[in-house]
Amino acid sequence: MKTQYYTATTFDGYIADENNSLDWLFEVDEGGQNPFADFFTGVGALAMGATTYEWILAHENSLENPSSWTDPYGDTPAWIFTHRELPVIPGANLHFVRGDVRPVHAEMVTAAAGKNIWLVGGGELAGQFADHGLLDEVILGVAPVTLGAGAPVLPRRITSSRYRLTGARPIGQFAYLTYEVRPPAS
């Protein structure tokens, strides 16, 4: 079981532009492949921040069309980290939480039942898991795009001593890089 931050990023390290748009992502050719489908077969629980959840609500129209959530994620339990009230997607297995990621991670491990935990985003949330030694792997789909500004992939300093490259492969125009993440020094 691993806790994985799997996301797409630009050459210059952003996961969304300054307006939280992902338009740049949908312009990149995946070469007819879908690496997410294989990845998600190993996922038993997922977590995301409020901004990511709100993007899904707005761009997938999930409140009116719940299948836009349930088709890709099924009944996989999802934890939404938020400081505000958010609408619930009908039929989705959602848990709205706030605060320290450590007790929530423990709940997710139990719910995942031996499968992996996917940190959908954003980068700050993934960083909080990394800060507490709860992030095992980072998988980046690096796209040949530069934005100049936006939401950073991981907005904190984590030196190379904590990362070990375990995989690199091209998929369409993306370069998929996989890094094992070591816990912070105590």
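The values are calculated or read from the model by the stated rules, or taken from the named source; none is laboratory data. Please read all numbers here as calculations on a predicted model, not as lab measurements. Here the Cβ is made from the backbone with ideal geometry for all residues, glycine too, and neighbour counts use every protein chain on show. Heads up: the accessible areas ignore ligands, DNA and RNA and are worked out on the full protein's heavy atoms, side chains in. Shrake-Rupley method; radii C 1.70, N 1.55, O 1.52, S 1.80 Å.
Table: residues versus (1) within 23 Å of residue 174 (Cα to Cα); (2) not aliphatic (A, V, I, L, M).
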residue	(1), (2)
8	yes, no
15	yes, no
27	yes, yes
38	yes, yes
54	no, yes
68	no, yes
75	no, yes
101	no, no
106	no, no
Among residues of segment 116-143 being small (Gly, Ala, Ser), touching a helix residue (DSSP H, G or I) at 6+ places or on another chain (Cβ under 9 Å) and open to solvent by less than 10 Å² (accessible area, probe 1.4 Å), the residue farthest from residue 98 (Cα to Cα) is 143
Exercise for the section: Answer yes or no as to whether residue 50 is modelled with pLDDT under 95 and not acidic (Asp, Glu). Expected result: no
Pairing a residue in segment 168-186 that is on the phi > 0 side of the Ramachandran plot with any residue that is of a type outside the set (Asp, Glu) and open to solvent by less than 50 Å² (accessible area, probe 1.4 Å), where Cβ atoms lie under 7 Å and the two sit 6 or more apart in sequence or on different chains, gives 172/31
Among the residues of segment 7-24, the number that are over 25 Å from residue 100 (Cα atoms) and over 14 Å from the mean Cα position of the chain (by Cα) is 10
Report yes if residue 161 is open to solvent by 50 Å² or more (accessible area, probe 1.4 Å) and either in contact with a Leu (Cβ under 6 Å, 6 or more places away or on another chain) or assigned to a loop (DSSP other than H, G, I, E, B) (or both), otherwise no. no
Scanning segment 2-34 residue by residue, the ones that are at pLDDT below 95, open to solvent by 30 Å² or more (accessible area, probe 1.4 Å) and not acidic (Asp, Glu) total 9
The residue from 77, 90 that alone is out of contact with any strand residue (DSSP E or B) (no Cβ under 9 Å at 6 or more places or on another chain) and touching a residue at least 24 places away in the same chain (Cβ under 8 Å) is 90
